[in-house]
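Trainee: I have a structure I would like to understand better, so I am pasting it below and will then ask my questions one at a time.
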Amino acid sequence: MEVSVLNIKGQETGKKVELNDAIFGIEPNDHVVYLAVKQYLAAQRQGTHKSKERSEIAGSTRKLIRQKGGGGARRGDIKSPVLRGGGRVFGPRPRDYWFKLNKKVKALARRSALTYKAQQDAIIVVEDFNFDAPKTKVFVELQKNLKVDGKKLLLVLPETNSNVYLSARNIQKVDVASANVLNTYRVMNANVLVLTENALKVVNELF
């Protein structure tokens, strides 16, 4: 699949690049995409939730009523879970939600996500560019030139570029990533994928 290369003004440069069918033209696997997204979101969870159980509640340990004959549920002290203000049964405890995924599964998920974007004509390739200084206004102009303003945008660069990152940081629905940390969630979460020429080369080499 061939894609025209645009400049930062949104004009065609006359150059075309080939999207590798082994990355952008496979048969997508929905289940591995689901697993990769689930793993990413699980890893973002802090897992610091905690509720107090019976042994952690402050209160007397005296048995309030006799075991039998009261006509109600048997209970011991005031910390019993059947009483208001008592401990919680099987409450949440701090835990790590991360789970393992095989490298080949994650790689297939990335290729599936990139294939979906290619099928939706949601991939734009631009010439390599750089900003002299962090300027949000310049990045907004770039969005308008590429006709992607208002859309969820993922800009993929060949390597970390602080000027471009800082220029886009305060703009809603814009995400900037270097090609070596591209993951399934970020690709699927974007409406449009914008890659620079060198970023596309890095993607071809890594994936």
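The values are calculated or read from the model by the stated rules, or taken from the named source; none is laboratory data. A quick note: this is a predicted structure, and the numbers were derived from the prediction, not measured. We place every Cβ from the backbone using ideal geometry, glycine too, and count neighbours over all the protein chains shown.
Trainee: Considering each residue of the stretch 40-56, count those that are more than 30 Å from residue 184 (Cα to Cα), surrounded by 12 or more Cβ atoms within 10 Å (Cβ to Cβ) and either small (Gly, Ala, Ser) or without any contact (Cβ under 8 Å) to a residue 24 or more places away in the chain (or both), and give that number.
Mentor: Going through the stretch 40-56 one residue at a time, the tally reaches 1.
Trainee: For residues that are in a helix (DSSP H, G or I) and charged (D, E, K, R), scanning just the stretch 1-59, find the one that is nearest to residue 99 (Cα to Cα).
Mentor: Among those that are in a helix (DSSP H, G or I) and charged (D, E, K, R), it is 38.
Trainee: Of the residues 201, 137, 147, which is surrounded by fewer than 14 Cβ atoms within 10 Å (Cβ to Cβ), in contact (Cβ under 8 Å) with a residue 40 or more places away in the chain and among the charged types (D, E, K, R)?
Mentor: After applying the criteria, what remains is 147.
Trainee: Next question, about the same structure. Kindly indicate which of 69, 59 is surrounded by 14 or more Cβ atoms within 10 Å (Cβ to Cβ) and either within 32 Å of the chain's Cα centre (by Cα) or at pLDDT 90 or above (or both).
Mentor: 59
Trainee: While we're here: Just one of 206, 146 is over 19 Å from the mean Cα position of the chain (by Cα) and at pLDDT below 90; which is it?
Mentor: 206
Trainee: Also, I was wondering about something else. Looking for something under 16 Å from residue 192 (Cβ atoms), among the β-branched types (Val, Ile, Thr) and surrounded by 13 or more Cβ atoms within 10 Å (Cβ to Cβ) - is there at least one such residue anywhere in the stretch 94-112?
Mentor: For the stretch 94-112, residues under 16 Å from residue 192 (Cβ atoms), among the β-branched types (Val, Ile, Thr) and surrounded by 13 or more Cβ atoms within 10 Å (Cβ to Cβ): absent.
This table checks each residue for (1) touching a residue at least 60 places away in the same chain (Cβ under 8 Å); (2) among the aliphatic types (A, V, I, L, M).
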{"site": "17", "(1), (2)": "yes, yes"}
{"site": "25", "(1), (2)": "yes, no"}
{"site": "32", "(1), (2)": "yes, yes"}
{"site": "38", "(1), (2)": "no, no"}
{"site": "60", "(1), (2)": "no, no"}
{"site": "65", "(1), (2)": "no, yes"}
{"site": "68", "(1), (2)": "no, no"}
{"site": "89", "(1), (2)": "no, yes"}
{"site": "103", "(1), (2)": "no, no"}
